[in-house]
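Engineer: Attaching a single structure in structure tokens format; questions to follow.
What follows draws every value from the coordinates through simple rules; no lab data is involved. From a predicted model like this one, the values you see are computed outputs, not experimental measurements. Note that each Cβ is placed from the backbone with ideal geometry, even for glycine, and that neighbours are counted across all protein chains shown.
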Amino acid sequence: MNRMKKLILFTLLLGLVSQGARAECYYAYKAKKENPLQLHYGIIRVDQSCSVPVNRSEIANRIVAGGWTLLVVLEPVSPDQLSTKKDEAGEFFLRY
């Protein structure tokens, strides 16, 4: 393979990788507040590819701004599922 073909192939592959990294990825999670105890279920968009393990600290750092402590990351949520999850999450749908 000549040098020009290799460069074109490399550029195409690089473009595909960067597109995957920018893909929207959503997760369902549960969080709590103390005194008095409050719980919530939410859906959050994370800034990473869904193909890598979820970064719990990214989610925890974002919801702590509202005084919440992350309990558990439940599952990835596909863009197709967002409309059905919106009612379940209520005010915590894409809030953080």
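Engineer: Using θ = phi - 60° and the Karplus form 6.51 cos²θ - 1.76 cosθ + 1.60, what ³J(HN,Hα) does each residue of segment 79-94 get, whole Hz, x for Gly and Pro?
Structural biologist: Along segment 79-94, the couplings run x, 5, 8, 4, 5, 6, 7, 4, 5, 5, 7, x, 5, 9, 7, 6 Hz.
Engineer: Which peptide among 25-36, 56-67 comes first, and what is the full order, when sorted by highest mean count of other Cβ atoms within 10 Å? Before the final figure, lay out each step's value.
Structural biologist: Details: 25-36: 15.2, 56-67: 13.7.
With the highest mean Cβ count within 10 Å placed first, the list reads 25-36, 56-67.
Engineer: For Q48 and K30 in one chain, what is 0.36 nm times their gap in residues minus the Cα-Cα distance, to one decimal in nm? Working shown, then result.
Structural biologist: On the way: separation 18, 0.36 × 18 = 6.48 nm, distance 1.96 nm.
Residue separation times 0.36 nm, minus the Cα-Cα distance, leaves 4.5 nm.
Engineer: Compute the length gained on full extension between A65 and L82: take 0.36 nm times their separation in residues and subtract their Cα-Cα distance, giving the result in nm to one decimal.
Structural biologist: Numbers: separation 17, 0.36 × 17 = 6.12 nm, distance 2.33 nm.
Residue separation times 0.36 nm, minus the Cα-Cα distance, leaves 3.8 nm.
Engineer: If r is the Cβ-Cβ distance from L37 to F93 and R0 is 30 Å, what FRET efficiency results, to the nearest 0.05?
Structural biologist: Approximately 0.85, to the nearest 0.05.
Engineer: How would segment 49-91 be classified by its alpha-carbon gyration tensor: rounded, prolate or oblate, with rounded meaning a/c under 1.5 and the a/b versus b/c comparison settling the rest? Write down the numbers at each step before the final one.
Structural biologist: On the way: a/c = 2.45, a/b = 1.18, b/c = 2.07.
It is oblate, given that a/c is not under 1.5 and a/b is not larger than b/c.
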